[in-house]
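Quick note: the coordinates plus some simple rules give every number you see, no bench work behind them. Predicted model, so just to flag it, every value in this text is computed and none were measured. Cβ placement follows ideal geometry from the backbone for every residue including glycine, while neighbour counts extend to all protein chains displayed.
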Amino acid sequence: QKEVEQDPGPLSVPEGAIVSLNCTYSNSAFQYFMWYRQYSRKGPELLMYTYSSGNKEDGRFTAQVDKSSKYISLFIRDSQPSDSATYLCAMGLTGGGNKLTFGTGTQLKVEL
Amino acid sequence: SAVISQKPSRDICQRGTSLTIQCQVDSQVTMMFWYRQQPGQSLTLIATANQGSEATYESGFVIDKFPISRPNLTFSTLTVSNMSPEDSSIYLCSTSGRGDNEQFFGPGTRLTVL
């Protein structure tokens, strides 16, 4: 079993839809949770960074962490074609030397 | 966040040769990391490079195959040695940010080994 599981997609949605991207994890010691966006032929871009359980909102993006269920989500409201990318979840430990464990990424396509 | 550049952006190499990838940051950073990204797989950490000390390699990666230099706080190199087609991948460097476990990535080097 992988430490972090992420549905690879592809996920195709119409413009304006609400997108839900999810990751589950097995290591209850993970304390830091991140979402990265990666456009084709580019490096991952840090989108959201959270530490505690609950929600964090930034514009059209909301990151949700449920540590009791070992489940994190990224919601994208009013999705745009420019949101078409691969979304990677990543997790880290306190005192883990800043090492991150990544999901495989979910490929999202927002269609006009 | 720091601005990170990598050279080369892509290369096609012959089996048995070596390639050195450069990573340049526009500000001083404590920790730099090297990752490999293969199709359909998670980003895999190769090693952590701190200035003034030997790189720390993850399980499955060895210094002879992936020697790393970190001569100062803004620069690092990763060499992929004695390449085989299995080394074809995207190689990414990243730097630590202000937050614990926060990392920022460079644009990547796309390597194809024939």
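Would you look at the GNM of chain B, springs on alpha carbons closer than 10 Å, and say which of B:P67, B:P85, B:P39 moves the most? Checking each option, the largest mean-square fluctuation is seen for B:P39.
Looking at the protein assembly as shown only, what percent of DSSP beta bridges run antiparallel? Nearest 5 please.
Values: 73 of 81 bridges.
Taking every DSSP beta bridge with both residues in the protein assembly as shown, the antiparallel ones total about 90 percent.
Separation of segment B:67-102 and segment A:34-54 by C-alpha centroid, Å? Taking the Cα centre of each part, segment B:67-102 and segment A:34-54 sit 19 Å apart.
Between A:K42, A:K99, A:K70, the Gaussian network model of chain A with springs among Cα atoms under 10 angstrom shows the greatest mean-square fluctuation at A:K42. Exposure here means at most 16 other Cβ atoms within 10 Å; with GluC sites (Glu not before Pro) in a DSSP loop as sites, the longest stretch of chain A lacking them is A:16-112.
How high is the relative contact order of segment B:57-114, given as a whole-number percent (alpha carbon pairs under 8 Å, six or more residues apart)?
Details: 69 pairs, mean separation 15.6, N = 58.
Taking the mean separation of contacting Cα pairs over the length of segment B:57-114, I get 27 percent.
Quick one: among B:V62, B:V29, B:V80, which has the greatest mean-square fluctuation in a GNM of chain B with alpha-carbon springs under 10 angstrom? Fluctuation is largest for B:V62.
Rounded, prolate or oblate: which fits chain A, taking a ≥ b ≥ c as square roots of the Cα gyration tensor eigenvalues, rounded meaning a/c under 1.5, else prolate when a/b beats b/c? Cα axes put chain A in the prolate bin.
For A:K109, which lysines qualify as cross-link partners when the Cα separation must be under 28 Å and same-chain residues fewer than eight apart are set aside? The reachable lysines, counting only those whose Cα sits under 28 Å from A:K109, are A:K2, A:K42, A:K56, A:K70. The mean sequence separation of alpha-carbon pairs under 8 Å and at least six residues apart, normalised by the residue count of chain B, gives a relative contact order of 36 percent.
In a reduced charge model with +1 at each Lys and Arg Cβ and -1 at each Asp and Glu Cβ, chain B shows a dipole moment near 260 debye about its Cα centre.
Magnitude of the charge dipole for chain A, about its Cα centre and with charges confined to Cβ atoms of Lys, Arg (+1) and Asp, Glu (-1), is about 300 debye.
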